[in-house]
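The values are calculated or read from the model by the stated rules, or taken from the named source; none is laboratory data. Everything quoted here is computed from the prediction, not taken from an experiment. We place every Cβ from the backbone using ideal geometry, glycine too, and count neighbours over all the protein chains shown. These area figures cover heavy atoms from the full protein model, side chains too; ligands, DNA and RNA do not enter into them. Shrake-Rupley method; radii C 1.70, N 1.55, O 1.52, S 1.80 Å.
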Amino acid sequence: MSERPIMSTETRHECHPEFAAYDTEAEAKAAIVEGLSEQADSFGIDLADSDISPDDVVAAAWDLDPLYAEAISELDCDCRNEYDPDADPVHGSFYGILTSNFHEVESRHFSHTPTVEELI
């Protein structure tokens, strides 16, 4: 794939409001882990007095590779320039997570609530 210009977040949001948009796949994966770690807080595992990180809890509770594969899409688009609507569209690609069905997707890939013993 030839290198395409990276569109601004505003341009992508204007053109694709249904997606959370990221420049790289790694950024999209990090956003998923961050969001899931907020849910993992409700598992009742006290991380304050341990070497267990929220990422460890997320990795144990969800099957991340299949979740990433289903949730993250590489999008290729001709987006409009939000600063100059009369300008030609900007062609580029980005990674997007469809926000309307993310909870359903992550639920399908939830494995189990891990125990502290499992995480140590």
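Under a plain spin-label model, where a point goes 7 Å from the Cα along Cα-to-Cβ, how far apart in nm are Asp76 and Asp51?
Label-label distance for Asp76 and Asp51, simple model: 4.6 nm.
Give the Rg (one decimal place) followed by the Dmax (whole number) of the range 11-78, computed from C-alpha coordinates and expressed in Å.
Here Rg and the maximum Cα pair distance are 14.7, 50 Å.
Residues of the range 11-120: accessible area per residue at 1.4 Å, in Å²?
Here the per-residue accessible area is 58 Å².
Taking 37 °C and 0.692 mPa s as the conditions, I'd like the Stokes-Einstein D for the range 30-120 in µm²/s, using the Kirkwood hydrodynamic radius from alpha carbon pairs. Can you show the working numbers first?
Values: Rh = 15.4 Å.
After rounding, the answer is 214 µm²/s.
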